[in-house]
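Trainee: First the structure, which I've put down as structure tokens, then a few questions once you've had a look.
The values are calculated or read from the model by the stated rules, or taken from the named source; none is laboratory data. No experiment lies behind these values; they were computed from the predicted model shown. A quick note on method: Cβ atoms are made from the backbone with ideal geometry, for glycine too, and the neighbour counts reach across all protein chains shown. When the accessible area is computed, the model is the full protein with side chains, heavy atoms only, and any ligands, DNA or RNA have been set aside. Shrake-Rupley method; radii C 1.70, N 1.55, O 1.52, S 1.80 Å.
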Amino acid sequence: MPRPILEEAHISPAIRGKIAGYQQAIVQEVITAIRDNDVVVVGMGMNPFPKKACKALDLANQPYRYLEYGNYFNTWRERNALKMWTGWPTFPMVFVKGTLVGGATDLKALIDSGEFKKMLALPASVD
């Protein structure tokens, strides 16, 4: 089931630029990291789940790039742009070969099932 996204035709032309440019520096930084690394974890300070994702990758001996943006007390606008871009509501956001696989629990399930290694063998899917 595709997630609903407001069609551009239903957005006033007067504000389309604001929407398109909203916090794009952080989005572009993550896109670049995803392009340049097989595994990327996007997290935030004070949240234990990004640390759990990194620990799972460390135990699997899998190199990864970790990007951390603020904590519960700051940088929420920047993190919100990532949530809007991905549609994923929480941190961490884990990307494998360009595909968002979810958070720490989702990553652990992929590792435990063997699907993680299969994903790493596929070509990257960065657009």
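Trainee: Somewhere in the range 98-106, is a residue over 19 Å from Asn61 (Cα atoms) and in contact with a Phe, Trp or Tyr (Cβ under 9 Å, 6 or more places away or on another chain)?
Mentor: Yes, some residue in the range 98-106 is over 19 Å from Asn61 (Cα atoms) and in contact with a Phe, Trp or Tyr (Cβ under 9 Å, 6 or more places away or on another chain).
Trainee: Based on this model, can you work out whether Gln23 counts as among the polar types (S, T, N, Q) and surrounded by 15 or more Cβ atoms within 10 Å (Cβ to Cβ)?
Mentor: Criteria met by Gln23.
Trainee: I would also like to ask the following. Report, by residue number, each residue of the range 57-98 that is within 19 Å of Asn37 (Cα to Cα), among the β-branched types (Val, Ile, Thr) and out of contact with any helix residue (DSSP H, G or I) (no Cβ under 7 Å at 6 or more places or on another chain).
Mentor: Matches in the range 57-98: Thr86 only.
Trainee: So which residues in the range 62-99 are under 15 Å from the mean Cα position of the chain (by Cα), over 15 Å from Ile111 (Cβ atoms) and basic (Lys, Arg)?
Mentor: Correct list: Arg65, Arg79, Lys83.
Yes/no per residue for (1) among the basic types (Lys, Arg); (2) open to solvent by less than 40 Å² (accessible area, probe 1.4 Å):
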| residue | (1), (2) |
| --- | --- |
| Thr86 | no, yes |
| Val94 | no, yes |
| Lys97 | yes, yes |
| Val101 | no, yes |
| Lys108 | yes, no |
| Ile111 | no, no |
| Glu115 | no, no |
| Lys118 | yes, no |
| Leu122 | no, no |
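Trainee: Okay, next question. For the range 58-109, give me the residue count where each residue is assigned to a helix (DSSP H, G or I), under 12 Å from Ile26 (Cβ atoms) and aliphatic (A, V, I, L, M).
Mentor: Looking only at that region, the number is 3.
Trainee: While we're on this one: Determine, yes or no, whether Gly114 is touching a strand residue (DSSP E or B) at 6+ places or on another chain (Cβ under 9 Å) and either hydroxyl-bearing (Ser, Thr, Tyr) or free of Cβ contacts under 8 Å to residues at least 40 places away in the same chain (or both).
Mentor: No, not satisfied.
Trainee: Filter the range 45-61 down to the residues that are open to solvent by 30 Å² or more (accessible area, probe 1.4 Å) and either more than 12 Å from Lys108 (Cβ to Cβ) or at pLDDT below 95 (or both) and list them by number.
Mentor: Met46, Pro48, Lys51, Asp58, Asn61
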